[in-house]
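The values are calculated or read from the model by the stated rules, or taken from the named source; none is laboratory data. Since the model is a prediction, treat every value here as computed from it, not as a measurement. Glycine gets a Cβ as well: all are built from the backbone with ideal geometry, and neighbour counts include every protein chain shown.
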């Protein structure tokens with residue numbers, strides 16, 4: 001890859017990668033102050049009054065679990081915006097039927113809004129906007145029309161269905177509540193679901209002033225919630241969500257064939273990989289042995305198998321969600337399943353004839369009570 005030279009260029013294709021080992025508020029403010037000045041963010045926001053911060057608030061997880069955007073990252077942005085006399089709103093729509101108030105409390109968002117007197121909003125309230133692309137109807141929060149700009153603040157993680165999740169995927173939180181489950185039901189494999197993600201990005205991107213990905217602590221393995229915390233020690237910043245994600249995913253070791261929705265988003269922004277401006281030290285950098293779960297391989301293999309082998313293959317190659325002893329019968333999985341495959345019969349059970357393996361239950365369980373059960377063949381193929 002031939003990257004553009006790193007100079008004082010004001011370009012939406014510039015991606016900043018800053019090394020920082022801990023959530024040190026003064027140091028993070030210093031990093032953002034420099035980056036924001038270099039991309040001339042304040043000129044872009046000069047006439048904009050209300051700025052919405054969109055973190056990753058997947059569910060009710062404490063910041064130390066590295067599932068959600070760390071509140072210190074958000075706090076740094078709030079401080080800088082309030083220095084410029086901006087009105088700051090903070091909001092998200094956690095996945096499925098997850099309790100929003102509990103999520104806001106556990107992730108540290110409630111404390112931030114009280115400390116800085118900012119507005120905390122739930123995207124499942126306040127109305128919706130609809131837009132159709134082809135046969136797909138996109139639904140997202142009407143709050144986008146009530147703010148002047150959005151700063152997208154994501155978390156750096158692997159994802160069991162989409163390989164990687166960062167800035168572009170974080171915009172899926174603009175879809176209110178259980179509508180997310182409908183999209184999973186209608187788009188069960190990673191390519192078709194990726195079209196939903198990139199399509200949504202194309203509709204809302206003009207409102208996104210800045211993208212930040214919190215990678216000081218992130219996640220590898222069975223992300224986005226049941227993986228292992230990993231200290232990557234970086235923060236990514238860019239005006240382009242897709243350019244940022246292309247670099248961030250590549251640093252995890254992912255190839256272009258594993259970035260379909262990111263590449264689609266880059267097309268929407270008219271960005272080619274060679275257009276990305278990156279500091280020389282990061283051009284060939286990769287983190288060592290980032291672990292992830294390639295569960296979408298099942299769908300790929302099934303799609304290319306001859307018809308007479310498909311039934312046999314399905315019997316031998318099994319991966320599916322199942323419950324472990326951590327289950328508390330909280331019913332988040334039952335209420336979030338897009339095909340009603342989960343039911344309560346003394347304990348939580350799954351009807352595998354209905355299950356579409358979208359892994360919404362695995363992603364949303366606040367207690368890590370759902371794991372991916374694999375047959376012998378699946379264990380050999382899913383690493």
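Could you list, ordered by first residue, the pairs with Cβ atoms under 8 Å in which the first is in the stretch 13-42 and at positive phi and the second is at pLDDT below 95, at least 6 apart or interchain?
As it stands, the answer is 40/10, since those pairs meet every condition given.
Does the stretch 32-46 contain any residue that is within 15 Å of the chain's Cα centre (by Cα) and surrounded by 20 or more Cβ atoms within 10 Å (Cβ to Cβ)? Please lay out each step first, then the result.
Quick first cut of the stretch 32-46, residues within 15 Å of the chain's Cα centre (by Cα) only: none.
Within the stretch 32-46, none of the residues are within 15 Å of the chain's Cα centre (by Cα) and surrounded by 20 or more Cβ atoms within 10 Å (Cβ to Cβ).
Just for strands (runs of 3 or more DSSP E) wholly inside the stretch 18-129: which have at least 3 residues that are touching a helix residue (DSSP H, G or I) at 6+ places or on another chain (Cβ under 8 Å) and more than 23 Å from residue 244 (Cα to Cα)?
Qualifying strands (runs of 3 or more DSSP E): 119-122.
All but one of (1) touching a strand residue (DSSP E or B) at 6+ places or on another chain (Cβ under 9 Å); (2) at pLDDT below 95; (3) more than 27 Å from residue 271 (Cβ to Cβ) hold for residue 13; state the number of the condition that does not hold.
Evaluating residue 13 over (1) touching a strand residue (DSSP E or B) at 6+ places or on another chain (Cβ under 9 Å); (2) at pLDDT below 95; (3) more than 27 Å from residue 271 (Cβ to Cβ) leaves (3) as the failure.
From the set of residues in the stretch 236-295 that are farther than 23 Å from residue 149 by Cβ and assigned to a strand (DSSP E or B), which is modelled with the highest pLDDT?
278
Yes/no per residue for (1) modelled with pLDDT of 95 or more; (2) within 26 Å of residue 24 (Cα to Cα):
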| site | (1), (2) |
| --- | --- |
| 185 | no, no |
| 190 | no, no |
| 200 | yes, no |
| 209 | yes, yes |
| 222 | no, no |
| 225 | no, yes |
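Out of the residues in the stretch 354-380 meeting the condition of being more than 24 Å from the chain's Cα centre (by Cα) and either buried (at least 16 other Cβ atoms within 10 Å of the Cβ) or at pLDDT 90 or above (or both), tell me which one is farthest from residue 191 (Cα to Cα).
374
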